[in-house]
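These notes are about the structure you will find just below.
Each value in this text was obtained by applying a stated rule to the coordinates, not by laboratory testing. Quantities reported herein were computed from a predicted structural model and do not represent experimental measurements. Ideal geometry is used to build each Cβ from the backbone, glycine not excepted, and the neighbour counts take in all protein chains shown.
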Amino acid sequence: MGHFVLSHFSMGVVTFHVGYMFRTPPGWDLLATAPMNRPKHGIAALSGIIETDWLPFPFTMNWKMTAPGFVRFEKDEPFCTIIPIHYDMLESVRPEMRIMDAEPEPELKLEYEAWMKSRTDFLAKLPKHDPETVKQAWQKYYFQGQRLTTDEKVEGHKSKLRLAAPEEPGTES
């Protein structure tokens with residue numbers, strides 16, 4: 001294949017050839033999406049789920065131009081994030097909307113109300129340059145896995161994932 005990037009579909013869609021064939025165990029797919037936390041002006045990634053447990057060829061990552069003009073991807077800049085997901089995971093989840101007052105977990109409402117009061121107070125003090133608030137810079141409850149009503153840490157909370165790097169061919173353990 002002679003082209004890494006081209007406008008295969010036209011209509012402002014830019015196609016990146018991933019350059020690898022991915023194989024996943026039976027029942028596992030890959031979600032291909034934009035690099036996390038890296039927005040790009042003038043272009044948006046088109047996410048998709050690829051059935052890589054049977055696919056016998058590489059897939060492509062597509063982006064859609066959102067405005068006329070040019071977009072530049074730098075050398076070695078990521079253009080795709082892949083996330084393994086179980087093939088029926090998304091379809092097996094049934095979202096449910098509830099009214100918080102009717103929630104069978106009264107501690108959830110207490111936690112929410114404590115967070116809302118804390119956030120409201122924090123946001124009111126920040127533009128007034130309250131020294132303690134400015135020193136704090138941002139509320140770290142989620143980052144630290146901390147409950148507001150009890151001050152306890154949530155067991156098993158992770159603030160960072162430590163993912164394994166892909167193994168190069170011939171270096172498998």
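What lysines sit close enough to K128 to cross-link, taking a C-alpha to C-alpha distance under 25 Å and skipping anything fewer than 8 places away on the same chain? Within reach: K117, K140. Legend: calculated FRET efficiency, R162 to Q139, from the Cβ-Cβ distance at R0 = 22 Å, rounded to 0.05, equals 0.35. Compute the angle between helix 106-125 and the longest alpha-carbon principal axis of the chain, please, reported from 0 to 90 degrees and rounded to the nearest 10. Value to nearest ten degrees: 90. Fully extending the segment from W28 to D121, taken as 0.36 nm per residue of separation minus the present Cα-Cα distance, adds 29.0 nm. Using the Cβ of D88 as centre and a radius below 13 Å, the other residues enclosed give a net charge of -3, where K and R count +1 and D and E count -1. Between the labelled values [x] 58, 42, 38; [y] 47, 44, 29; [z] 40, 34, 32, the entry that holds Cα extents along the principal axes in Å as derived from this structure is [x].
The chymotrypsin sites (Phe, Trp or Tyr not before Pro) of the stretch 121-173 meeting both criteria, a DSSP state outside H, G, I, E and B (loop) and at most 12 other C-beta atoms within 10 angstrom of the site's C-beta, are W138.
Specify the residue with the greatest mean-square fluctuation among S159, S92, S47, computed from a Gaussian network of the chain linking alpha-carbon atoms under 10 Å apart. Highest fluctuation among the options: S159.
Each Lys and Arg adds +1 at its Cβ and each Asp and Glu adds -1 at its Cβ; summed about the Cα centre, the chain shows a dipole of about 820 debye.
Close amide H contacts of I43 (hydrogens built in the peptide plane, cut-off under 5 Å, sequence separation of 5 or more or a different chain): T66. Note that the stretch 100-144 carries a Kirkwood radius of 11.9 Å, evaluated over its alpha carbons pair by pair.
Within the listed set L163, L126, L46, the Gaussian network model of the chain (springs between alpha-carbon atoms below 10 Å) gives the highest mean-square fluctuation for L163. For M65 and A114, the difference between the fully extended length at 0.36 nm per residue and the C-alpha to C-alpha distance is 13.4 nm.
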